[in-house]
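The values are calculated or read from the model by the stated rules, or taken from the named source; none is laboratory data. Note that the structure is a prediction, hence the values are computed from the model and not measured. When we count neighbours, we look across all protein chains shown, and the Cβ atoms used for this are built from the backbone with ideal geometry, even at glycine.
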Amino acid sequence: MSKLTRRAAFAGAFTIPLVRARAQDADFPDKPLHFVVGFPPGGPNDLLARIVAPGIAERLKRSVVVENRAGANGEIAAASVAKSPPDGSVFMLASNGSTTVAPAFDSHLAYDVRIDFTAVAPIGINPMLLVVKPDLPAKNVRELLALARERPGKLNGASAGAGGATQLALELFKSMGKVDILHVPYKGGGPAMADLMAGMVDLYFGGLSTALPHVKSGKLRALAQTSLKRSPAAPDIPTVAESGLPGYEAAISYGIFLPAGAAPVLVERLQKAVDTTLRSSEVAQKFLELGADPQFGSSAEFAAYIAADLAKWTRLAKEMGLKAE
């Protein structure tokens, strides 16, 4: 487990909206609270929410109902929560896909992460694995970079869809490594992984939990993982950062958000409920099984992280000429 300590030098880009003065005894409504997830049941976002929901409910002394509002890679849920009352009756679990990645590509979203939400707490980070087809003549990141430089524009990298986290991981790799790799977007991670195993594409940045079984079976070769530190779920696989591209990080992060205007006392109580829940050994084990590492931090630290992530992907999208499709 790690503590979220990264600060954004430009944290002012993400402002926690001013709220009207509330009584210090403000409390969550005495009714079931809606814990919104922007994806269908069964995916990482949904599973993480269902792992932490009972602990949050216990500590807030309220019923917590996980509500799936799927569509548009989490953007539909985010837009609905942005318009919800800030009384604590609605909060959401969202990945950086909808909070910092999508805004980097599309300036016309129905919400603005900088002003429509209050960042409450980080909950976890899910590294991706840089995996390649087994017969690719590159056994590590340095060899892959050398191969890409020898064959500019000849290697191709799959993604689960244009504008998503898997493409951004590839684009960041290309930018930092100064290599030309052709991006091949797929309609989902499943088809991308299938074509990689069939040898139709050369490499892919896939979720650790979904890619690792194929690595263990020998169908794919893992070169590196994309978080700054090695995940406990894959301690023997080095990071991209330690393998030739210092500072490289392109993990999928998850956190809890309230609508803008929530009373500070509600933010504090929810943050503490999340933090205490994550420190349970049972919850930590369930996170590990999903390939996710629990993250800890105050609401201010999480807001700074969001600001840094948004600036990072906005800068990359501009540099690489990336736009929503």
(1) in contact with a Lys or Arg (Cβ under 6 Å, 6 or more places away or on another chain); (2) more than 27 Å from residue 207 (Cα to Cα): which one isn't true of residue 84, the others all being true? (1)
Can you tell me which residues in the range 244-261 are under 16 Å from residue 297 (Cα atoms) and either surrounded by fewer than 20 Cβ atoms within 10 Å (Cβ to Cβ) or not hydrophobic (A, V, I, L, M, F, W, C) (or both)? 253, 254, 255
What's the total number of residues in the range 82-101 that are closer than 28 Å to residue 288 by Cβ and not in a strand (DSSP E or B)? 6
So, in the range 226-280, exactly how many residues are farther than 23 Å from residue 290 by Cα and among the hydroxyl-bearing types (Ser, Thr, Tyr)? 1
Residues of the range 77-95 being surrounded by fewer than 19 Cβ atoms within 10 Å (Cβ to Cβ) and touching a helix residue (DSSP H, G or I) at 6+ places or on another chain (Cβ under 9 Å), which ones? 79, 87
Can you pull out every residue in the range 112-141 that is of a type outside the set (Val, Ile, Thr) and surrounded by 22 or more Cβ atoms within 10 Å (Cβ to Cβ)? 117, 119, 121, 122, 124, 126, 127, 128, 129, 130
If residue 184 passes every condition in (1) of a type in the set (Val, Ile, Thr); (2) more than 23 Å from residue 106 (Cβ to Cβ); (3) surrounded by fewer than 22 Cβ atoms within 10 Å (Cβ to Cβ) but one, which one does it miss? (2)
Filtering the range 281-320 down to residues that are in contact with a Gly (Cβ under 7 Å, 6 or more places away or on another chain) and among the charged types (D, E, K, R) yields 293
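Listed here are the residues, each with its yes/no results for (1) over 21 Å from residue 290 (Cα atoms); (2) touching a residue at least 60 places away in the same chain (Cβ under 8 Å); (3) not β-branched (Val, Ile, Thr).
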{"residue": "140", "(1), (2), (3)": "yes, yes, yes"}
{"residue": "145", "(1), (2), (3)": "yes, yes, yes"}
{"residue": "150", "(1), (2), (3)": "yes, no, yes"}
{"residue": "155", "(1), (2), (3)": "yes, no, yes"}
{"residue": "183", "(1), (2), (3)": "yes, no, yes"}
{"residue": "195", "(1), (2), (3)": "yes, no, yes"}
{"residue": "216", "(1), (2), (3)": "no, no, yes"}
Among all residue pairs at least 6 apart or on different chains, which show Cβ distances below 7 Å where the first residue, located in the range 256-268, is part of a loop (DSSP other than H, G, I, E, B) and the second is at pLDDT below 95 and basic (Lys, Arg)? 263/22
Within the range 195-213, how many residues turn out to be farther than 23 Å from residue 309 by Cβ, modelled with pLDDT under 95 and either surrounded by 15 or more Cβ atoms within 10 Å (Cβ to Cβ) or touching a helix residue (DSSP H, G or I) at 6+ places or on another chain (Cβ under 9 Å) (or both)? 1
Considering 280, 299, which residue is of a type outside the set (A, V, I, L, M), closer than 16 Å to residue 57 by Cβ and in contact with a helix residue (DSSP H, G or I) (Cβ under 7 Å, 6 or more places away or on another chain)? 280
